[in-house]
Structure formats: C-alpha cells, structure tokens
Amino acid sequence: EAKKIKIIAACSLVFIFILNFIPSFSRETPWYAKMPIPVFADAGHLPLVRNDIKEIDRILSVLEELLADPDHRAYVLASSQILNSSILISAHYSLNRHRDISRRILRTNDVDKRDGFPQKFLTAKYVVVADPIQFHLNPQDQRVIGIPAGLVLREEGIGASFSKLPYEFNLDKNVKVYIYKKIKPFADSDLEALSRFL
C-alpha cells in the first residue's frame, strides 16, 4: 500500500514537472498556465537560435590557421550573448570540430570587480574584437573589456602593438568581428596607462 502511494506521488510530481516545463519552451501559452492562480510558468523562454553559426565556424577556422604555433593564444575582447570567449571555446560541441583550437582561446576577464586586470590579454598573440564593443553588463562595470577593446579598435595606446588582419565576420544584430595580431611588445607607458584606467 505504501509502495503504491510512493509510486503515485512520484508519477504526479513528474507529471507536474512536465506541465510546468512545457510553457517555457512553447510559442503559445497552454490553457492551464493561464489559470488565475499562478501555479505553472506562463512565460515562454525559447532556446536561443543563432543565425550566424557559419560565421562562428569561420572565426574558429581562421584562428585554427593563425594559431599554428602551439605557444600562441587568442583572447576575446567581447562579453555578450553575441560574442564572448565561452561561445568560441564551447562551439566545438555543436560544430563537431575545432576542439583543439578551442583549448587555445583564453578565458576572458569580463567583470571588473570579479576578474580584475586582464593579465591573459597581455599574453595573447591574437585578439578577437567586436564592433560595436560587446558587453553583458553596464560598460562601467566592464572596463576590462571596453577600454582595451576600444584601444585595439583604434590602434592607440596598448592597441598600437596590434595590427588588424584582413578578416571580417558578420554576427547577429549587425555585430562585426575583427582579428588583430600582436606585432610588437607593449610599451611600458601604454601598460601603465592601461593599469591606471583599470
């Protein structure tokens, strides 16, 4: 008797879970989610669909060619749903390729108070930059992204140590992506200026 009650209770919980899960990924809200008493989720949260996966693939293919030297690394100066280091690092799961190159993309410091000065950026041979600069928080809280990205795009200060390569990638929401190569050591004055800003 007790065993039957446990089985019924478990099946009921699974059923409720499924009913609660369906509205989150449905284009239309089911009738039961519109009840006056909010028991079930009613807002749809459809999975993010990328229309630019071929461009992500292209970025990784180019990086694969550029990072021929096993000691070279790439750093992503972007932090949004459109582009960030995690997107490039984990893209091999959906593309079924680029696993090796994903390991040579450095994780980005993207939140000032949490991550601090972007030391890994200083070690990268290549930098991937989005235009407009991509943030997922207020830009004032992501100076570790905004300031170096702006300098690289303008090739000023610390950005003068990089040269823009002849590649352009077009991501969703009209975001353009460029790759820059480090061509000379950073000047001490530029490093000091960057550390003052960050």
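The values are calculated or read from the model by the stated rules, or taken from the named source; none is laboratory data. All values reported here derive from a predicted model rather than from experimental measurement. In this analysis, Cβ positions are derived from the backbone assuming ideal geometry, glycine residues included, and neighbour counts consider all displayed protein chains. All accessible areas refer to the heavy atoms of the entire protein, side chains included, with ligands and DNA or RNA removed. Shrake-Rupley method; radii C 1.70, N 1.55, O 1.52, S 1.80 Å.
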Item to check | Qualifying positions in the range 116-131 - open to solvent by 20 Å² or more (accessible area, probe 1.4 Å) and in contact with a strand residue (DSSP E or B) (Cβ under 7 Å, 6 or more places away or on another chain) | outcome: Lys120, Lys125, Asp131
Checklist entry - Which residue pairs have Cβ atoms closer than 8 Å, lie 6 or more positions apart in sequence or on different chains, and pair a first residue in the range 47-76 that is more than 12 Å from Val127 (Cα to Cα) and open to solvent by less than 30 Å² (accessible area, probe 1.4 Å) with a second residue that is basic (Lys, Arg) and modelled with pLDDT under 95? => result Ile56/Arg50; Leu60/Arg97
Checklist entry - Out of all the residues in the range 180-190, which are more than 18 Å from Leu67 (Cα to Cα) and either free of Cβ contacts under 8 Å to residues at least 40 places away in the same chain or open to solvent by 50 Å² or more (accessible area, probe 1.4 Å) (or both)? => result Pro185, Ala187, Asp188, Ser189, Asp190
Item to check | Index of the failed condition, Val144 passing every other in (1) surrounded by 19 or more Cβ atoms within 10 Å (Cβ to Cβ); (2) part of a loop (DSSP other than H, G, I, E, B) | outcome: (2)
Checklist entry - Pick from Lys184, Lys173, Lys113: which is closer than 21 Å to Ile59 by Cβ, out of contact with any strand residue (DSSP E or B) (no Cβ under 7 Å at 6 or more places or on another chain) and not in a strand (DSSP E or B)? => result Lys173
Item to check | Any pair with Cβ under 7 angstrom, 6 or more apart, that starts in the range 1-22 at a residue that is surrounded by 10 or more Cβ atoms within 10 Å (Cβ to Cβ) and ends at one that is modelled with pLDDT under 75 | outcome: Leu19/Tyr32; Leu19/Phe40; Asn20/Phe40; Asn20/Ala41; Ile22/Pro30
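Do you know which of the residues in the range 94-110 that are of a type in the set (A, V, I, L, M, F, W, C) and assigned to a helix (DSSP H, G or I) is farthest from Val76 (Cα to Cα)?
Going through the qualifying residues, I end up with Leu95.
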Checklist entry - Among the listed residues Arg154, Arg97, which satisfies the condition of being modelled with pLDDT under 95, open to solvent by 20 Å² or more (accessible area, probe 1.4 Å) and out of contact with any helix residue (DSSP H, G or I) (no Cβ under 7 Å at 6 or more places or on another chain)? => result Arg97
